[in-house]
Each structure stands twice: as structure tokens, then as C-alpha cells.
1. Please list, in chain and number order, the residues 5+ apart from Val80 or on another chain whose amide H is under 5 Å from its amide H, with Hs placed from the backbone.
2. How big is the equivalent ellipsoid of the chain along its three axes, where each semi-axis is √(5λ) from the Cα gyration tensor, reported in whole Å from largest to smallest?
3. Taking the mean number of other Cβ atoms within 10 Å as a proxy for protection, how do you rank 103-110, 179-186, 59-66 from highest to lowest?
4. Using per-residue counts of other Cβ atoms within 10 Å, averaged over each peptide, order 152-164, 353-365 from highest down.
5. Order these peptides, 47-53, 124-130, by their mean beta-carbon neighbour count within 10 angstrom, highest first.
6. Treating only the Cβ atoms of Lys and Arg (+1) and Asp and Glu (-1) as charged, compute the dipole magnitude of the range 74-146 about its Cα centre; round to the nearest 20 debye.
7. Keeping every protein chain present and rolling a 1.4 Å probe, give me the accessible area per residue for the chain in Å².
8. Which percent of the accessible area of the chain is formed by carbon and sulfur heavy atoms (probe 1.4 angstrom)?
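The values are calculated or read from the model by the stated rules, or taken from the named source; none is laboratory data. Note that the structure is predicted; figures quoted are calculated from it, not measured. Quick reminder, even Gly has a Cβ in these numbers, built from the backbone with ideal geometry, and neighbours come from all protein chains shown. Surface areas here come from the heavy atoms of the whole protein model, side chains and all, with no ligands, DNA or RNA. Shrake-Rupley method; radii C 1.70, N 1.55, O 1.52, S 1.80 Å.
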Amino acid sequence: MPKEFIVAIELGSSKMTGIAGKKNLDGSIQVLAVVKEESSSFIRKGYVYNIDKTAQCLATIVSKLEKQLKTTITQVYVGVGGQSIRSIRNVISKELPADTVVTQDMVIELMDANRNMKYPDQEILDAAVQEYKVDSQFQLDPVGIQCNHIEGNFLNILQRKAFYKNLNLCFEAANINVAEMYLAPLALADSVLTETEKRSGCALVDLGADTTTVSVYSKNVLRHLAVIPLGGNNITKDIASLQMEEHDAEKMKLKYASALTDNSEIDNTLKYSIDQDRQVESRKFVEIVEGRLEEIIANVWCQVPEELCDKLLGGIILTGGGSNMQNIEKAFSAYTHIDKIRTAKTVTLSIVSNLPEITAKDGRMNTVLGLLAKGDINCAGQEIDPNQDLFTVKQTQPVNPLDQRKARQAAETPSGVVRTQEEIRRAEEEARLKREEEERIAREEAEEKAREEARIRKENSFWNKAFKGLKEFGKKMVEEEE
């Protein structure tokens, strides 16, 4: 019986992670393999700036997963994130004839008009519907309502075209098929937030190495998304300013750093050891760590829309590697004055695995587990024959993820799905063909109308009437002679 499993890859600023797992009948996910590779030398703040090295790393991850699974991988799911991602609100409106009943086609037309918006140097990755304004009333589903005016309020999620292009080039260079691209922050939110938190209003804060991602939800709708170019590495670099190597600073951060320390608890005589010969005063160390962390928290809080600051009944949810810092919840509460704060150490899904990366439950695997949960197309190819060349096996397994997605997806693209460049190219080609067909039909109709108008003009012309008159007169004369 052929194997079935799903493969997901997250391109992080410090680590690139590949994971393979299968979904069980009881709804749980069994993780089969995990591979991590250093990525700090070619990915910065979630942005791929060295395509060749990134492609090599991707190929290495897939190869290592295949060796563990003893099966070729035909395609992978990918998380899209990084510093350039941001959200922007947009409104599309349309005037309608009196008492028009809104149809699903009208709603799709508004969504398409929003998707076709052009932003300089930016690519629309996804669009979250906020609500529809039907005359003067706001509705989440306007279909079936009579109105004279309708407008759709959307939250467009953008990324710089250059970043998006580089990401696609990496997978092409590595010869890896992409089953689907997902917005990593949305996949993460779906895997760690509860329905109650999304409905009542919450802010999800993913504290990464180079970036911090803020996703704000209210009434089950994404209201704001931003990626702040600050993360745990900034704290490490500040500690390194005490004249030490960054790897030593990282060790000190993990061992001594606290997000919040009461002044009375600081021992002015205590010193932390850098190495055998050097030490640093604990107070100075605390000031450096807290100073940078306060800056990160302040930037996070600035991203929460003002109208929602006092409506986050679901509180603040922290996750990611940075959420493991001691007293991190107290620090966020002290600055934001939000009492309801929790740390999501793992996903809400039921995960079955004895791999240390999964059992650690330190928040670092939440995003890639969320991506794995999104997968529903089999990524397994043929079983690997140890006596056969792996490259040859791969070549015998052609796969077209685009056709698989087209057959699988409903009419509306699921939230969080990012179209690949090939899908965009196909969509543009289909739109061009449709436009040309519409123009051809319009041209033929115009020509037919012109012919009809010419015929009518000819019939109503003076000479045509005179000719008809003479013809009738002649016919009458002949009849009289008979």
C-alpha cells in the first residue's frame, strides 16, 4: 500500500524547518520526521536574500526528510512570512438599481475588484473580508438583502514583489514542487488560537529571532497584521555590546535573561560570568535586556488598532522562541495593562510524536505544525529503493500541484492561501483569454448592430422610399390595365 504523508517547510530567520506527518482518522496528526537547518546566513528578517544558498538548504531538507521517510517527496507546503508583510484596508463600493437583491455573483465581483487593486512594488498575498456595508447597515453576509448601495471592506495583506519573487525562485532552483503557499501568521493563528479568543478579540504575538509578528482578531475576523523587524537576536546583539561574541551573548541571554525584574530583586553586588576572566554586573545586564524588550513590546502594542485596544477580551497570546523568556507574560502585562495573557507553548491540535523537537513544547514548532495541519494533498511519492539512484526515482514521478489544487478547491480560495507565480500567470492568462472572448463577442454584437442600423437607415432613406413608391405605382398601373 503506498504511503501517504504531508510535508511542510517554514523559512525562519535562524532556522529552516521541514516536517512530515500524517493525519489520523481521529483528527490527530502524527509527526514522522523533522529536519532543521541553519538559515541566518541567507535569510534575514524572513527575507530571502541569497537564492542559491536558500535553494541548496531547501534541497538538503527535502533530501534528509526523504532519507528518514524512505520515500520520495513530490511536493511541499510552504509558509510565507517575513518583514515586508503588512496589511492595509481597502473599500470597494458599487451603486445598484433601486431595491436590488444582492447575489453571490455581486459579492464575488467586489472581491475580484479588490484583488485586482494595484500597489506600487507590492503583491497582494491574501484579502480578509472585514464586513459589507449594505446601504447604511453592516453585514458579514449581504447575500439576499435588498439595497441601493453595497461596499466591501477588505484587509489586504501585502508583501514586496521582490521578496515574493525570490521565494518562488528558490523553490524553482531547488526543483521542488509547491503544493500550496500559506500565510504563515494565519496558519499559526489557526493552530494556537481558540474560537473564543478570535471571537472576543485578541492579539497573537509571535516572538521570533529577527522579527515579531502581530495578528489582531475580533469577531472571528483578522483585523490587522504586521511584522516588526525586531526579535530575540536584537537582545542578543545588545548583550554582545558588553564586548563579547554573539554566541556567548546568546548563551547568557538563555541562562540569565528575564523580561521583567523588580528593582528590589536586583543584587548590585552580583556579577554574571562571561567567561573565566570576565564578568558583567547583573544590574547592567538587566537594564540592557529589559530596555530592548520594552522597545519590542511598545512596537507590538502600537500595532493594535486603537479602537480595539480596550476590547481584547481574549487577551494577548504569546508564542515563538522568544516567549520562553522568564517573566515574559508579566512584562507584557506591565506595559499593555492587559491582565489576560497566556503563552502558547504548543498547538491546540492533537499531536502524536516522540521526536524531541515536538515533545519540547517550547513554541518554536507551532508555525510549521500549523502549516502541516493545513495540508490535504498527499506529498508522498515512491518508496526509495536503496539500490536505485534517488535522482532517477524523482524524475519518474511527474506531478502537477496546480491541477490538484484546482480540482480540490472550492470556488472561493481558502483564507490564508497565497497564489504561486505560476498560478498568477495562469490566472492572468485565463483573464486575458476571457477578456479577448468578451471583446470578440462585443465586437460581433457591435458589427451586427451597425449592420442593422445601416439596414434601417437604408430603408428610411429618401431614395429607398422613392424607389418603393415608384415600384408600388408601377404595380398599381399594371393592375389597372389588367
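1. Tyr182, Leu183, Ala184
2. They are 58, 30, 20 Å, listed from largest to smallest.
3. Highest mean packing first, the order is 179-186, 59-66, 103-110.
4. Highest mean packing first, the order is 152-164, 353-365.
5. Ranking, from highest mean packing down: 124-130, 47-53.
6. Charge dipole, the range 74-146, about its Cα centre: 300 debye, nearest 20.
7. That works out to 54 Å² per residue.
8. Here carbon and sulfur together make up 49 percent of the probe-accessible area.
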